[in-house]
Amino acid sequence: MRQAFRHVAPDRIQIRQGGGGIGLFGLPFFGAGVFMLLMLFGVIPVSNADSVSLPGQLGLLFMGLVFTAVGGGLSFGRAWTTIDSTRREVSKQFGLLVPMHTNTRRIDEYVAVILGFVAGDSDSADQFPVSLRSRAGQDLKLYSSTQYGDARGYAVAVATRDHHINPGDH
């Protein structure tokens, strides 16, 4: 299993999300969507293509676009959160295989590292989110794990990399 949380430099931590098992799960959806679109546009010949009504073609177009978008997002979508204690900033990046959008915030806006607990139910496991507590009231979620030990380790690593946040506050 790929480690999502790693030290990329002595003063920098990066949390990566996306890809891996969820990426493999999205491939069949992506393939089905592309297949539907190729059938609709005649690239893949179908014997009864002339008998498909306009609502059927619109339905096929809609389903092809939805399956391609969802499968592509699951397979190729990524998110990176980098905490840089030298530059005193937290940057969140989103993209398809490579970063395409970046949102940067000053780390001085945050006062504590919070390790939370979200109870699961019969369909989902308990979650342990790691967040930065903001002075302004809007916390920044960094990572969430189903394993308490992993989440606690991540919270301690974030707190000890930034010296203005007390590791005892998590």
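The values are calculated or read from the model by the stated rules, or taken from the named source; none is laboratory data. Since this is a predicted model, take the numbers as computed values, not measurements. No Cβ is skipped: glycine too gets one built from the backbone with ideal geometry, and neighbour counts run over all protein chains shown. Calculation scope for accessible area: heavy atoms of the full protein, side chains included, ligands and nucleic acids excluded. Shrake-Rupley method; radii C 1.70, N 1.55, O 1.52, S 1.80 Å.
Find how much the distance from S134 to A32 grows on full extension, using 0.36 nm per residue of separation minus their present alpha carbon separation; answer in nm with one decimal. Walk me through the intermediate numbers first.
Details: separation 102, 0.36 × 102 = 36.72 nm, distance 4.28 nm.
Taking S134 through A32 to full extension adds about 32.4 nm, to one decimal.
State, to one decimal in nm, how far the label point of T160 lies from the label point of N48, with both points 7 Å from Cα in the Cβ direction.
Calculated label separation equals 6.5 nm.
Hey, with R₀ at 30 Å, roughly what FRET efficiency would S144 and L60 work out to, going by the Cβ-Cβ distance, to 0.05? Working shown, then result.
On the way: r = 37 Å, r/R0 = 1.22.
Computed FRET efficiency for S144 and L60: 0.25.
Under a 1.4 Å probe, what is the accessible area of the chain per residue, stated in Å²? Each step should come with its number before you reach the end.
Numbers: 10070 Å² over 170 residues.
Heavy-atom SASA per residue in the chain reads 59 Å².
Could you pull out every residue, at least 5 positions away or on a different chain, whose amide H is within less than 5 Å of the one on D139? Hs are placed 1.01 Å off N in the peptide plane, and Pro or chain starts have none.
The list, which skips near neighbours in sequence, is S134.
Starting from the Cα gyration tensor of the stretch 63-170, take the square roots of the eigenvalues, sort them a ≥ b ≥ c, and report rounded, prolate or oblate (rounded when a/c is under 1.5, otherwise prolate if a/b is larger than b/c, else oblate).
Since a/c reaches 1.5 but b/c is at least a/b, the shape of the stretch 63-170 is classed as oblate.
In a Gaussian network model over the chain where Cα atoms closer than 10 Å are linked, find which of V70, V34, V52 has the largest mean-square fluctuation.
It is V52.
Could you list the chymotrypsin sites (Phe, Trp or Tyr not before Pro) in the stretch 12-51 that lie in coil according to DSSP, counting only those with at most 16 other Cβ atoms within 10 Å of their Cβ?
Qualifying residues, ordered by number: F41.
As an exercise, identify the trypsin sites (Lys or Arg not before Pro) in the stretch 3-103 lying in DSSP coil whose Cβ has no more than 15 other Cβ atoms within 10 Å. Could you put the intermediate results ahead of the total?
Details: sites: R6, R12, R16, R78, R87, R88, K92; in loops: R87, R88.
Answer in residue order: R87, R88.
If I ignore ligands, DNA and RNA and count only protein heavy atoms, how much of I13 is accessible to a 1.4 Å probe, in Å² to the nearest 10?
The accessible area of I13 comes to roughly 0 Å².
In whole Hz, what ³J(HN,Hα) sequence does the stretch 95-111 give by Karplus (6.51, -1.76, 1.60; θ = phi - 60°), x for Gly and Pro?
Each residue's phi maps through the Karplus curve to give x, 10, 6, 10, x, 10, 9, 10, 10, 10, 10, 6, 6, 5, 6, 10, 10 Hz.
Restrict the search to the stretch 64-120; then list the chymotrypsin sites (Phe, Trp or Tyr not before Pro) that DSSP places in a loop and that have at most 16 other Cβ atoms within 10 Å of their Cβ.
On the way: sites: F67, F76, W80, F94, Y110, F117; in loops: F117.
Answer in residue order: F117.
If I ignore ligands, DNA and RNA and count only protein heavy atoms, how much of V8 is accessible to a 1.4 Å probe, in Å² to the nearest 10?
60 Å²
If one takes the longest principal axis of the Cα atoms in the chain, at what angle in degrees, from 0 to 90 and to the nearest 10, does the Cα axis of helix 20-40 lie?
Approximately 30 degrees, to the nearest 10.
Carbon-plus-sulfur fraction of the accessible area of the stretch 1-156, 1.4 Å probe, in percent?
Values: 5690 of 9340 Å².
Whole-percent figure for carbon plus sulfur exposure: 61.
For the chain, with a Gaussian network of springs between Cα atoms less than 10 Å apart, report the residue from D11, D121, D150 with the top mean-square fluctuation.
Checking each option, the largest mean-square fluctuation is seen for D121.
Sequence-distant or interchain residues sharing an amide H contact under 5 Å with I44, placed H: which?
M39
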